[in-house]
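The values are calculated or read from the model by the stated rules, or taken from the named source; none is laboratory data. Because the structure is predicted, anything quoted here is derived from the model rather than measured. No Cβ is skipped: glycine too gets one built from the backbone with ideal geometry, and neighbour counts run over all protein chains shown.
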Amino acid sequence: MSIATLVSCSKDDDGGNGGSAAAGTIEASVDGSSFASMEIATTAVEQDANGATMIRVQGSNSDGEGMVLTIMGFEGTGTYEINGSGNLLTNAIYTETDLSNPMDTQTWLAPYDESVAGEIKVSEKTDTNIKGTFSFSGKNEEGGTVKEVTNGSFNVGISEF
C-alpha cells in the first residue's frame, strides 16, 4: 500500500535524547497500547532530489500495525514540527491492517489541519543510522477518529535509495 501526502514542518536544533527504541526498531504508545516494529520489517531511507533531502523511517509489526515518519527538507539533527503550514514537509502515519482482510486498512495521518500535530526529533544521524523520538495526533479520514501516538522512538539503519 502506498500513501502520498504533502504536509509542512519547521525545524529547530534540539534533537532530544534519542529515545529508548532497540536497534532496528520503532517503538511508541498508541492510545495507551504498545507498538513495536519488527527489525526485519523496519527501515529508513535517505534520498536527495534537487538539493533537498528526504528521510523516511517506517516499520510494522506482526499484528498489521505500521508507522511511517517522513521529513522532507531534512537538515540534520533537530526538531521537525508536524504541522499543516510552512515551507518544509513532514508527516507521520499510523496504520492498522486487518490481516484477514487487508483492504480494510485504517490510516491515521498527521497533520490533518493547519495546527501543529506533533514533532519528530532527530538526535543522531550517521551515514548508516538514524535515531530519535516522535509524538503526534493522527486523524482517520474515514471515521474522523483521532489516535494519540506518544513516547515514540526510533533507532533504524539507513538504506540508500
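Values for this structure:
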item	result
Residue that is surrounded by the fewest Cβ atoms within 10 Å (Cβ to Cβ), among those in the stretch 99-122 that are at pLDDT 90 or above and charged (D, E, K, R)	Lys121
Per-region count, the stretch 84-98, residues under 16 Å from the mean Cα position of the chain (by Cα) and modelled with pLDDT of 90 or more	7
Options Gly19, Gly73, Gly66; residue that is modelled with pLDDT under 95 and closer than 16 Å to Val149 by Cβ	Gly19
Criterion violated by Gly144 - all others in (1) part of a strand (DSSP E or B); (2) surrounded by fewer than 23 Cβ atoms within 10 Å (Cβ to Cβ) satisfied	(1)
Filtered residue count, the stretch 102-141, keeping only those that are in a loop (DSSP other than H, G, I, E, B) and within 19 Å of Gly19 (Cα to Cα)	2
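Yes/no per residue for (1) touching a strand residue (DSSP E or B) at 6+ places or on another chain (Cβ under 6 Å); (2) buried (at least 19 other Cβ atoms within 10 Å of the Cβ); (3) of a type in the set (A, V, I, L, M, F, W, C):
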position	(1), (2), (3)
Ala52	no, no, yes
Val57	yes, yes, yes
Ser62	no, no, no
Met67	yes, yes, yes
Gly78	yes, yes, no
Glu81	yes, yes, no
Thr90	yes, yes, no
Asp127	no, no, no
Gly138	yes, yes, no
